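What follows is a single structure, written as structure tokens, with notes after it.
The values are calculated or read from the model by the stated rules, or taken from the named source; none is laboratory data. On a predicted model such as this, the values are computed, not experimentally measured, just so you know. When we count neighbours, we look across all protein chains shown, and the Cβ atoms used for this are built from the backbone with ideal geometry, even at glycine. In case anyone asks, the SASA skips ligands and DNA or RNA and just uses the protein heavy atoms, side chains included. Shrake-Rupley method; radii C 1.70, N 1.55, O 1.52, S 1.80 Å.
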Amino acid sequence: MIIPPIFGAIQSVRDGLEKRYIASYLALTVVGMGSWCFHMTLKYEMQLLDELPMIYSCCIFVYCMFECFKMKNSVNYHLLFILVLFSLIVTTVYLKVKEPVFHQVMYGMLVFTLVLRSIYIVTWVYPWLRGLGYTSLGIFLLGFLLWNIDNIFCDSLRNFRKKMPPIISVATQFHAWWHILTGLGSYLHILFSLYTRTLYLKYRPKVKFLFGIWPVILFEPLRKH
């Protein structure tokens, strides 16, 4: 998930959207690039470039979701401080302990926060966004589930694939599915967050599909009568 978020960031700049959404798109691109570098090299430094931006991007997502219903271009310095401090603590501890479970738990906490906030929005604020909200959550959580299954049962899955036909071996590469599904789920989450925000700002957001397959948000301000 590298190129689509770049186009999303460019479109956000053109539309004059708040910088937090530009940062969201670019953060997703950084995660994609870090993951690409790690899987090409399998070096520890590249692993950090893969895993730590996952924490940072999720912190940006959390900030966007909790600031959806504020004045345009407002800044919540208290929330920013908390998220930056959280990122610094996670980074420092992870560099010292080098324990993957710690990273997974911290990342899971951020994801759980996003899930609760998203459910609140589609339940109590904008119920008509359930389709987009639950789709982004469902795809992301499915990827998150497959990632954990792959981590826990890695050896068993490897032995299972050796006995299966190639097509089944490919289909059960859960780590690959994790990257595909969480990348797509994260992108859809940004659209959901952006849709929620522009609705609050009294725009007319619409989800369109470029080339009939790729979702983007287009909108225009409400005209004054």
Only one of SER35, SER74 is over 13 Å from the mean Cα position of the chain (by Cα), under 22 Å from VAL111 (Cα atoms) and modelled with pLDDT under 95, namely SER35
Of the residues TYR203, TYR120, which single one is more than 17 Å from the chain's Cα centre (by Cα), modelled with pLDDT of 85 or more and under 22 Å from ALA23 (Cα atoms)?
TYR203
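Each row is one residue, and each column tells you yes or no for (1) within 22 Å of GLY183 (Cβ to Cβ); (2) hydrophobic (A, V, I, L, M, F, W, C).
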| residue | (1), (2) |
| --- | --- |
| SER24 | yes, no |
| MET33 | yes, yes |
| PRO53 | yes, no |
| CYS59 | yes, yes |
| LYS96 | no, no |
In the range 81-111, which residues are exposed (fewer than 13 other Cβ atoms within 10 Å of the Cβ) and touching a residue at least 40 places away in the same chain (Cβ under 8 Å)?
LEU95, PRO100
Pairs where the first residue, in the range 112-133, is closer than 17 Å to PHE61 by Cβ and among the small types (Gly, Ala, Ser) and the second is open to solvent by 90 Å² or more (accessible area, probe 1.4 Å) and in a helix (DSSP H, G or I), C-beta under 9 Å, 6+ apart:
SER118/TYR134
Residues within the range 42-75 that are part of a helix (DSSP H, G or I), among the acidic types (Asp, Glu) and open to solvent by less than 80 Å² (accessible area, probe 1.4 Å), tallied:
2
Filter the range 173-194 down to the residues that are more than 16 Å from SER136 (Cβ to Cβ) and either surrounded by fewer than 18 Cβ atoms within 10 Å (Cβ to Cβ) or among the aliphatic types (A, V, I, L, M) (or both) and list them by number.
GLN173, HIS175, ALA176
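Does CYS37 satisfy being touching a Lys or Arg at 6+ places or on another chain (Cβ under 6 Å) and surrounded by 15 or more Cβ atoms within 10 Å (Cβ to Cβ)?
Judged against the criteria, CYS37 is not a match.
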Any idea which of (1) closer than 20 Å to TYR200 by Cα; (2) in a helix (DSSP H, G or I); (3) without any contact (Cβ under 8 Å) to a residue 12 or more places away in the chain is the one HIS78 doesn't satisfy?
(1)
